[in-house]
1. So which of E66, E11, E4 ends up being among the acidic types (D, E), exposed (fewer than 10 other Cβ atoms within 10 Å of the Cβ), at pLDDT 90 or above and assigned to a helix (DSSP H, G or I)?
2. Y42: in contact with a Ser or Thr (Cβ under 7 Å, 6 or more places away or on another chain), without any contact (Cβ under 8 Å) to a residue 60 or more places away in the chain and outside any loop (DSSP other than H, G, I, E, B), yes or no?
3. Tell me whether the stretch 37-45 contains one or more residues that are more than 11 Å from the chain's Cα centre (by Cα), modelled with pLDDT of 90 or more and either exposed (fewer than 15 other Cβ atoms within 10 Å of the Cβ) or not charged (D, E, K, R) (or both).
4. In the stretch 14-38, what count of residues is obtained for those that are in a helix (DSSP H, G or I) and not small (G, A, S)?
5. Out of all the residues in the stretch 14-31, which are more than 14 Å from the chain's Cα centre (by Cα), aliphatic (A, V, I, L, M) and surrounded by 13 or more Cβ atoms within 10 Å (Cβ to Cβ)?
6. Which residue, of G67, G30, is of a type outside the set (F, W, Y) and on the phi > 0 side of the Ramachandran plot?
7. For the stretch 64-96, how many residues meet the condition of being small (G, A, S) and more than 15 Å from the chain's Cα centre (by Cα)?
8. Taking the criterion of being in contact with a strand residue (DSSP E or B) (Cβ under 9 Å, 6 or more places away or on another chain) and touching a residue at least 24 places away in the same chain (Cβ under 8 Å), would at least one residue in the stretch 68-83 satisfy it?
Amino acid sequence: MQKEDFISAEEFCVSHDIEVSFISSLHDNGLIDIEVFDENIYIYPNQLSQLEKISHFYYDLGINLEGIETINYLLEKMDEMQQEILSLQNRLRLYE
């Protein structure tokens, strides 16, 4: 991917009224991936909804980064379980 394919963290932070250091701390905690071009931080486009959700948890709900990590983990597990349920339901339909 090229620089033009990414979203500037600075622009995202200005539009969402958050600090750029928040993006860095999310990256440091393994919650999002970033790219650095010319000493500027850029966000992968496919992580935009994840970043918006995390910033909502942090700024609007007051949940700390450790809590967000836990919520993220549990949501991922829920998604995995839902996929497994769908797979099992599809297999069960074969035998009906």
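The values are calculated or read from the model by the stated rules, or taken from the named source; none is laboratory data. Everything numeric in this text was worked out from a predicted model, so none of it was measured. Note that each Cβ is placed from the backbone with ideal geometry, even for glycine, and that neighbours are counted across all protein chains shown.
1. E66
2. Here the answer is yes, as Y42 does meet what is asked.
3. yes
4. Looking only at that region, the number is 8.
5. I18, V20
6. After applying the criteria, what remains is G30.
7. At the first step, the residues of the stretch 64-96 found to be small (G, A, S) are 67, 87.
Those still in the list that are more than 15 Å from the chain's Cα centre (by Cα) too: 87.
Total meeting the criteria: 1.
8. no
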